[in-house]
Structures are given as C-alpha cells and as structure tokens.
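Report on the structure given below.
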Amino acid sequence: MIWIPLLSLFLQEPKILAWQKNSSDAAFELAQDRALIMRYRTGLLENAESLKRLLEQDPDDQPVPENRALVREAWAQNLDYLYALDSLLWHYRDFEKVPDFVQPCFVTYFAAFLAQYRAALAWCDVLDAKPAYHRILNEAMPELGIPEGSFAQFKTRFLHVAMGKRFGELVALDSLLGKREWPEERKMRQEDTAWILQFGMGRGEWLTLKNGLQMVSDQAQMQFFPVQKQLASAMGNSRVQRTGQALISAQQIEDLHRKLQPGDVLLERREWYLSNIGIPGFWCHAALYIGTPEERLAFFQDERGLPTGATEFERQLQSQFPRAYANHRAKNDHGEATRVIEAIADGVVFTSLEHSCHADSVAVLRPHLTKTQIAQALQRAFSHAGKPYDYQFDFATDQALVCSELVFKAYEGLIDFSFSSSFGKQMVPPNQIAADYSRGPETQWLFVVFLDGSEIQNRALEADQAAFSTSYLRPKWHILVQ
C-alpha cells in the first residue's frame with residue numbers, strides 16, 4: 001500500500017466532463033463506480049467495527065502487543081479505501097456541469113462522501129478514548145508508505161467544521177436531486193445520513209473541539225495524503241498517458257494462448273486501478289482458464305482415468321449448467337471466444353482471454369494434478385457461474401465469490417492453500433497464491449509464464465521463474481518504485 005496524494009488527481013480531467021464530449025460510456029461507468037462505492041463503504045464500516053471489537057480487549061488504554069500490528073494494518077486499509085473514494089469524489093465533483101447527468105452524478109458523489117465521512121467519524125469515535133493509539137498511528141510506517149503524523153492529518157480533515165457544513169449542503173441537495181435516482185441504493189444514503197446526524201448530536205461537536213485544541217498544540221498541517229511531489233506527478237502523468245491501455249500486447253496474449261491448458265490459474269495485475277483497493281499484495285486478481293469446449297475435448301481425450309470420458313464430461317457440463325454453458329459458448333461483442341471464468345464486479349462471468357489478460361502483468365500457474373482432478377475443478381467453477389461478487393470477502397460462504405475465492409473453491413481439497421488474515425478475515429488473496437508457489441512444495445504448482453510489466457519501457461517483458469518467485473514480495477503500488 002502506498003499513500004497516494006490527491007495532487008495526482010488534479011492532473012486528470014474529471015470523467016463527467018469528458019462525457020460532455022462523448023456520453024456513450026456514462027451509464028456503464030456510473031454503474032461501475034456505484035458498485036465500487038458500495039464495496040469501499042462495506043470495507044470501511046467493517047474495518048471500523050472490527051477496530052471497535054479489537055480495542056475492547058485493551059484495558060485502560062494499554063495496547064495489547066499483538067493488537068498494535070492489527071491496528072496498523074487496519075489503518076493502512078482505511079487509507080486505501082479513503083483514497084479510492086477521494087478519487088471518485090474528484091471525478092464527480094462538477095456534477096452540476098453535465099446537464100444530462102446531474103442527478104446520477106450527484107448521487108454518486110454524495111454516496112462516496114457519506115461513506116467516507118461516516119467511516120472517518122466512526123474511527124475518531126472508537127479511538128477517542130485510546131490516546132495511546134493516536135501516538136501509534138501517528139508514527140511513520142514506511143513499509144506501508146504512510147508518513148509520520150497521518151492520524152493527526154486525518155482528524156484535521158474530518159473533524160473540521162467545513163466537513164459538517166459540506167454535509168449539510170449535500171443533504172439539502174439530496175432532498176431535491178436524489179429522490180428518483182437508484183431507489184435501491186437510497187436506503188444506504190439514508191442510513192449513512194441518519195448515522196452522521198445522530199453522531200453529530202453533541203458528540204461530533206465535542207470531538208471537533210478537542211481536535212481543534214490538539215491542532216494548536218501539535219501544530220498539525222491542513223494537508224492530506226502527503227508524499228513526494230515527484231511521485232504525485234508521476235502517477236498523474238502515467239494515468240493520463242495510459243488510460244484504457246495495457247502493457248501486455250495483443251500479440252503477447254495470442255502467444256500466451258498457445259501455452260495454456262484448461263485448469264491453469266491466471267494471476268493478473270493492472271496498475272493504477274481503483275479496484276486494487278482493499279486487496280493486499282502485488283497480485284490483485286486471479287482467474288481460471290477453462291478453454292473452449294473444443295480445447296477441453298482435446299485436452300481430456302487421452303485421460304483414461306476420467307470416469308465418463310471427454311465427450312461425456314462436456315455433455316455433463318452442458319446438462320448440469322445449461323445457462324452457464326450457453327453463456328460460455330456465446331462469443332463476446334468483439335467476436336472472441338470465452339476461455340476464462342472469473343469473479344469481477346459484475347459477478348462470476350465467462351470472458352475472453354483477450355479481455356481478461358488486458359493487463360500490465362500476468363503470470364500463469366498450472367496445478368500439478370491429474371486431468372480427472374482438473375475436470376473436477378472445472379465442474380466446480382461452472383457451478384458458481386452467475387453468482388454475484390463477494391464484497392464481504394467471505395471465503396466461508398458460497399453465495400457470492402471474489403476473484404481468488406473462485407480459484408480456491410474450484411481447487412479446494414485438491415490444492416493446499418495457505419490462508420492469510422486481513423484484520424480478522426481469513427482469505428486467500430491472489431498474492432497468497434503466488435506466495436504459496438514460491439514458499440510451498442514444488443509438487444503443487446508448475447510455473448508456465450510470467451509477463452512482467454515495465455512502466456519505464458511501456459511494455460511487458462517475459463520474465464523467468466526466479467523473477468516470478470519473488471514477485472509476491474513487491475509492494476502493492478509497485479509502479480512507483482520502477
């Protein structure tokens with residue numbers, strides 16, 4: 001995690017102003033951003049609630065040693081989510097300048113503001129009686145990219161009368177502009193508004209006053225996300241230059257296709273994507289290569305251990321999961337065959353290799369299993385097609401899945417996955433799969449290929465197994481150290 005500065009955002013044109021020139025992508029981008037806001041809101045509120053339960057274990061403001069690392073981890077995640085919402089607030093801040101989209105853009109802006117403001121107040125409330133943690137969180141955390149005094153600056157921003165004034169203005173506007181927009185999400189805005197109003201009845205003013213007095217004694221600066229200016233400029237320029245572009249070329253994807261077989265696991269990374277927020281580590285996405293029906297028939301044809309035979313296995317997929325199979329057989333809008341199943345914001349979907357690997361870095365791992373076991377994994381993956389995205393990151397349930405959860409559920413019991421804890425949650429993030437390969441027994445995974453993105457050379461280079469083995473150790477915002 002790197003603490004990204006807001007300055008970088010000022011080098012970009014807000015997306016809604018671009019819609020004045022071309023509005024064809026407006027509805028799609030609005031839907032994507034609304035889904036991101038809901039995800040970040042859930043992460044922030046869960047983070048604050050987990051922090052509250054954690055600190056209840058500390059008697060009389062004496063930090064339990066093992067809790068210090070957990071609270072620092074939670075703080076890093078918190079800042080990740082706040083940055084993501086800041087990016088969305090920047091892009092939608094001129095909602096009144098796009099006549100055709102004033103209402104949906106305002107609602108998107110307000111939802112992001114509420115999620116951020118409510119979570120910030122919740123953190124301040126939980127930590128109010130724990131001054132020892134104020135000192136802990138104000139320490140520099142270079143391994144997380146967090147500078148000294150971060151919590152003081154956080155309070156300066158959110159416990160400020162200007163935030164309360166802005167909140168009141170937006171509530172008034174919502175009564176005029178928010179009535180007809182996305183009623184299914186109106187409840188979320190109402191809940192956040194009610195919580196903030198209830199919090200502000202005495203409690204909010206007192207915390208704001210306390211923070212004002214503390215600011216005087218600490219000489220805190222009114223600044224947020226402070227990092228070196230050159231990093232801010234580098235990030236902003238790169239995002240402008242590479243909007244919609246990837247470091248992996250179409251030819252590299254075509255070459256990659258010839259190396260793949262059904263059951264391969266794709267680890268992917270896209271630089272600068274807000275969807276990376278909340279996902280720990282360098283590798284932020286995982287997908288499963290399933291191939292086409294023709295590729296599976298050829299792959300399983302010589303597997304004598306497959307109980308039903310290759311042709312019958314394909315028929316079973318079609319009969320057991322008719323809707324999923326029909327979606328899989330259909331080509332996408334670009335006429336590309338769907339060879340990948342993955343969990344993205346739209347849910348568990350089939351997509352083309354060209355679309356999935358439109359990324360900046362990709363690695364492929366092959367499970368060291370029999371073809372019969374791989375067939376079992378593919379069958380499990382098909383069973384999850386169409387399920388929603390798991391914004392809770394809950395690996396214990398099957399109703400919704402996150403990207404690496406789909407891979408985990410497909411190979412559960414066949415591959416020994418290592419769980420990692422993220423502030424009380426047990427999960428297998430994509431980066432953990434790479435770590436398992438590097439640190440675990442060689443019999444579980446086989447290395448296939450690593451296309452390593454280089455921002456300096458503006459392309460992806462084919463790297464070797466040794467380079468991949470250490471990739472999981474790279475910082476989350478690796479691009480800033482290239």
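Points worth noting:
For (1) touching an Asp or Glu at 6+ places or on another chain (Cβ under 7 Å); (2) hydrophobic (A, V, I, L, M, F, W, C), each residue gets a yes or a no:
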{"site": "Gln373", "(1), (2)": "no, no"}
{"site": "Ser383", "(1), (2)": "no, no"}
{"site": "Pro388", "(1), (2)": "no, no"}
{"site": "Phe395", "(1), (2)": "yes, yes"}
{"site": "Asp398", "(1), (2)": "no, no"}
{"site": "Cys403", "(1), (2)": "yes, yes"}
{"site": "Ala410", "(1), (2)": "no, yes"}
{"site": "Phe417", "(1), (2)": "yes, yes"}
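- Test: residue in the stretch 250-260 that is modelled with pLDDT of 95 or more, open to solvent by 10 Å² or more (accessible area, probe 1.4 Å) and under 18 Å from His368 (Cα atoms): yes
- Hits in the stretch 402-419 (condition: at pLDDT below 90 and crowded, with 19+ Cβ neighbours inside 10 Å): Val402
- Any hit, the stretch 1-13, residues being among the β-branched types (Val, Ile, Thr), under 17 Å from Trp75 (Cβ atoms), modelled with pLDDT under 65 and open to solvent by 20 Å² or more (accessible area, probe 1.4 Å): yes
- Looking across the stretch 352-367, just one residue is of a type in the set (Asp, Glu) and over 22 Å from Ala337 (Cβ atoms), and that is Asp360.
- Within the stretch 150-162, the residues that satisfy the criterion of being open to solvent by 30 Å² or more (accessible area, probe 1.4 Å) and either part of a helix (DSSP H, G or I) or at pLDDT 85 or above (or both) are Arg157, Val161, Ala162.
- Annotation: of all residues in the stretch 437-464 being among the polar types (S, T, N, Q), surrounded by 14 or more Cβ atoms within 10 Å (Cβ to Cβ) and over 20 Å from Gln251 (Cβ atoms), the one that is modelled with the lowest pLDDT is Ser438.
- Hey, Asp100 at pLDDT 70 or above and open to solvent by less than 50 Å² (accessible area, probe 1.4 Å) or not: no
- In a residue-by-residue description of the stretch 187-194, the property of being among the hydroxyl-bearing types (Ser, Thr, Tyr), within 24 Å of Ala35 (Cα to Cα), assigned to a helix (DSSP H, G or I) and at pLDDT 80 or above applies to at least one position.
- When Arg72, Arg118 are checked against the criterion of being among the basic types (Lys, Arg) and in contact with an Asp or Glu (Cβ under 8 Å, 6 or more places away or on another chain), Arg118 stands alone in meeting it.
The values are calculated or read from the model by the stated rules, or taken from the named source; none is laboratory data. For clarity, every value in this text was computed on a predicted model and none was experimentally measured. Methodologically, a virtual Cβ is constructed for each residue, glycine included, from the backbone with ideal geometry; neighbour enumeration extends over all protein chains shown. Note: accessible area is taken over every heavy atom of the protein model, side chains too, but ligands, DNA and RNA are not part of it. Shrake-Rupley method; radii C 1.70, N 1.55, O 1.52, S 1.80 Å.
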